[in-house]
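Here's the structure, in structure tokens; my notes come after.
The values are calculated or read from the model by the stated rules, or taken from the named source; none is laboratory data. Not measured: the values here are computed from a predicted model. Heads up, the Cβs are rebuilt from the backbone with ideal geometry, glycines too, and the neighbour counts pull from every protein chain shown. Accessible surface is based on the protein model in full, side chains and every heavy atom, while ligands, DNA and RNA are left aside. Shrake-Rupley method; radii C 1.70, N 1.55, O 1.52, S 1.80 Å.
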Amino acid sequence: MLWSMTDDIAVRAEDLTKFYGTRRGIEGLDLEVRTGEVMGFLGPNGAGKTTTIRLLLDFLRPTRGHATVLGMDPRRDKATLHAQIGYLPGELAFPGREKAADLLKFFADSRGGVAWQTVTGLAERLELDLSRPIHTLSKGNKQKVGLVQAFMHSPALLILDEPTSGLDPLMQQEFLALVREARAAGQTVFMSSHVLAEVQQTADRVAIVRDGHLAAVERVESLGRRAVRTVEIHFDGPVDAAEFAALPGVSDVTASGPVLRCTVDGRLDPLIKAAARHDVVDLLSAEPDLEETFLSFYYHSEGAGDVAAGA
Amino acid sequence: MSPLVRKTWRDDRRAIIGWALGIAAFTTIYTSFYASFAGAAQLKDDALPEGMKNFLSVQDMTSPAGYLQATVYSLVGPLLVVMAALVLTVRTIPRPEEDGGIELLMVNPLSRRAFAAQRLLATFIGVTALAAIPGVLVLAIAPGVGIDVPAGNIASASVGLVGLAWCYLGITFAVGAATGRRGLALAVGGGLAVTGYILRGISGIIDGGDWLKWLSPFHYFIGTDPLHTGWHPAHLLALVAVGVVGAAAGIVMFDRRDVGV
């Protein structure tokens with residue numbers, strides 16, 4: 001294929017920047033999405049996710065920097081490129097008032113004839129009734145139409161903006177299965193979200209954006225390892241909080257009688273060694289939750305607390 | 001035709017059918033009415049002051065050509081056709097851009113220019129068909145109701161009406177494609193249509209204002225009195241030229257801007 005000759009990077013953004021007048025969309029984004037991986041693109045609303053996606057699709061033109069998608073230039077090669085991209089808009093609006101089937105036929109035709117079986121197969125999996133007019137569908141069903149058109153032509157790259165919005169939990173699982181199958185078939189998936197669970201279950205890596213800047217790119221597992229976890233230790237007698245407060249990585253220490261509560265960032269070792277000086281009755285460590293990890297990026301950076309709280 | 005052109009027609013179908021019925025009904029009623037109107041024509045002709053007749057580009061309502069000019073080709077006919085052209089043209093880019101549907105249209109594997117050109121092509125064909133309705137109906141009805149205007153003259157006036165529609169289609173498309181704003185495109189297209197109509201009207205009634213008519217698209221359409229004098233290719237080409245320049249400018253400007261901001 002054309003793109004595989006260039007390199008194993010499906011999406012490369014270099015200093016990608018977009019200002020709307022003086023308002024910042026995204027600034028100085030350097031990002032690589034590897035061919036065949038699922039990358040989650042996380043951040044609160046207004047962080048610049050949709051702006052970035054629209055830049056990759058050539059709906060917007062960068063103020064500075066540039067993007068390479070499947071080895072091609074989004075503007076110059078738009079026609080070739082879009083045949084290999086499946087895009088799900090974050091704000092779905094459908095042109096026209098026709099039946100879902102007729103709209104999907106248009107997408108199938110415009111992509112050079114997608115087998116109708118593929119379309120009906122996807123619709124069945126998502127339990128979507130194709131005979132109803134688009135404008136009479138519920139939000140969740142509209143989202144399914146959007147997903148069917150994005151996946152129908154087995155594109156090399158799937159760009160999905162908030163893909164599970166409006167889907168019930170069962171359909172979210174079906175969607176995650178679609179993403180896993182896409183990865184198994186060698187397709188690349190770049191999906192934005194402000195819900196961590198869906199990314200946690202499928203993504204290989206996550207890129208986190210905040211206030212128009214890239215905050216971090218991490219493997220999902222390492223994000224879990226460096227997670228802030230809550231630890232609760234029950235001793236057989238009262239303990240002094242001050243004894244634990246100075247330990248590396250330990251914070252928010254409270255002691256009420258024999259129960260010590262704190263949060264630990266990183267390794268548990270220092271806390272365990274300190275606790276071992278007393279008789280430990282019980283120890284509870286909450287499963288590191290990506291949601292908390294995610295939020296820690298906001299709470300632990302200056303001036304970003306409001307953004308996180310508002311998201 | 002490409003999937004996008006067919007899709008555009010499907011989405012515009014109701015609007016096109018509605019305008020077609022309105023334009024056809026108007027043309028049929030006025031043209032057929034000539035038989036019963038002929039007797040009363042002198043009365044109406046006398047009742048209208050000369051200045052008003054000049055403004056409405058009505059020379060004489062008593063002759064068949066004058067009657068056709070005063071009814072189908074003067075005010076209401078061009079008004080309906082130009083309005084239909086404006087309304088359909090803002091559906092090419094500004095309307096889907098404002099309601100968000102343009103993103104799923106633009107995922108078509110087409111370049112920006114090809115996308116704009118195909119949207120325009122679909123609308124161009126629809127508008128041309130609508131603008132041709134009066135001519136076709138007048139040609140069909142006229143002989144039967146005693147309107148003995150040569151078919152070639154009717155054809156030349158009717159082609160002028162199509163040219164007028166193209167002219168305003170081009171202007172409206174250019175504004176809509178360049179800005180993505182439906183209200184602005186309608187305001188500019190509609191404003192220039194009204195201005196053009198008024199300019200042609202007042203050029204005939206104010207002293208020394210004759211040159212104003214050259215600024216009005218309506219002059220190139222009907223100012224040559226095609227129902228009496230037949231074909232004036234240079235005038236018609238001027239209308240086509242405005243349409244072509246507008247179309248080309250719109251496609252180029254759409255290729256250079258952000259969409260859906």
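Taking the criterion of being in a strand (DSSP E or B), open to solvent by 60 Å² or more (accessible area, probe 1.4 Å) and within 19 Å of A:V228 (Cβ to Cβ), the residues of the range A:247-285 that qualify are A:D252, A:T254, A:R261, A:D265, A:L283, A:L284. Selection of first residues in the range B:1-12 that are in contact (Cβ under 8 Å) with a residue 60 or more places away in the chain and more than 7 Å from chain A (Cβ to nearest Cβ) and of second residues that are open to solvent by less than 30 Å² (accessible area, probe 1.4 Å) and outside any helix (DSSP H, G or I), restricted to Cβ pairs under 8 Å at least 6 apart or on distinct chains, gives the following pairs, ordered by first then second residue: B:T8/B:T92. Taking the criterion of being in contact (Cβ under 8 Å) with a residue 60 or more places away in the chain and farther than 23 Å from B:I93 by Cα, the residues of the range A:69-116 that qualify are A:V69, A:L70, A:G71, A:M72, A:Q84. Here is a check on your reading of the model: is B:L110 over 15 Å from the mean Cα position of the chain (by Cα), away from chain A (no Cβ under 14 Å) and closer than 30 Å to B:A177 by Cα? Here the answer is no, as B:L110 does not meet what is asked.
A search for C-beta distances below 7 Å between a residue of the range A:53-67 that is in the same structural domain as A:F41 (by TED's automatic domain parsing) and any residue that is among the hydroxyl-bearing types (S, T, Y), counting only pairs 6+ apart in sequence or on different chains, returns A:I53/A:S192; A:L57/A:Y87; A:L60/A:T51; A:P62/A:T17; A:T63/A:T17; A:R64/A:T17; A:G65/A:T17. For the range B:6-27, give me each residue that is surrounded by fewer than 17 Cβ atoms within 10 Å (Cβ to Cβ) and under 21 Å from A:K105 (Cβ atoms). Within the range B:6-27, B:R6, B:W9, B:R13, B:R14 qualify. Being assigned to a helix (DSSP H, G or I) and buried (at least 20 other Cβ atoms within 10 Å of the Cβ) is a property that B:A155 lacks. Among the numbered conditions (1) surrounded by 24 or more Cβ atoms within 10 Å (Cβ to Cβ); (2) within 12 Å of another protein chain (Cβ to nearest Cβ); (3) touching a residue at least 60 places away in the same chain (Cβ under 8 Å); (4) under 18 Å from A:F19 (Cβ atoms), the only one that A:T50 does not meet is (1). Please tell me if A:G166 is away from chain B (no Cβ under 13 Å) and at positive phi. Yes; evaluated as a whole, the condition is true for this residue. Among the residues making up the range B:184-199, a single one is surrounded by 16 or more Cβ atoms within 10 Å (Cβ to Cβ) and β-branched (V, I, T): B:V188.
Okay, residues lined up against (1) out of contact with any Lys or Arg (no Cβ under 6 Å at 6 or more places or on another chain); (2) more than 14 Å from every other protein chain (Cβ to nearest Cβ); (3) touching a residue at least 60 places away in the same chain (Cβ under 8 Å):
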site	(1), (2), (3)
B:I102	yes, no, yes
B:M106	yes, no, yes
B:A114	yes, no, no
B:G126	yes, yes, yes
B:G146	yes, yes, yes
B:A178	yes, yes, yes
B:A187	yes, yes, no
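Of everything in the range A:99-139 that is farther than 22 Å from A:L167 by Cβ and among the aromatic types (F, W, Y), the residue that is nearest to the other protein chains (Cβ to nearest Cβ) is A:F106.
Quickly run through the range A:54-89 and pick out the residues that are facing chain B (nearest Cβ under 10 Å) and under 19 Å from A:A182 (Cβ atoms). Result: A:L57, A:L81, A:H82, A:A83, A:Q84, A:I85, A:G86, A:Y87, A:L88, A:P89.
Go through the residues of the range B:175-183 one by one and say whether even a single one is modelled with pLDDT of 95 or more, at positive phi and open to solvent by less than 50 Å² (accessible area, probe 1.4 Å). Yes, the range B:175-183 contains at least one residue that is modelled with pLDDT of 95 or more, at positive phi and open to solvent by less than 50 Å² (accessible area, probe 1.4 Å).
Among the candidates A:L196, A:L214, the residue that is open to solvent by 30 Å² or more (accessible area, probe 1.4 Å), within 15 Å of the chain's Cα centre (by Cα) and touching a residue at least 12 places away in the same chain (Cβ under 8 Å) is uniquely A:L214. Taking the range B:89-100 as the search range and keeping residues that are closer than 27 Å to B:F221 by Cα and touching a Phe, Trp or Tyr at 6+ places or on another chain (Cβ under 8 Å), which one is nearest to the other protein chains (Cβ to nearest Cβ)? In this case the residue turns out to be B:T92. If the condition is being without any contact (Cβ under 8 Å) to a residue 60 or more places away in the chain and of a type in the set (F, W, Y), then the range B:190-233 contributes B:W211, B:W214. Somewhere in the range B:217-228, is a residue surrounded by fewer than 20 Cβ atoms within 10 Å (Cβ to Cβ) and in a helix (DSSP H, G or I)? Among the residues of the range B:217-228, at least one is surrounded by fewer than 20 Cβ atoms within 10 Å (Cβ to Cβ) and in a helix (DSSP H, G or I), which makes the answer yes.
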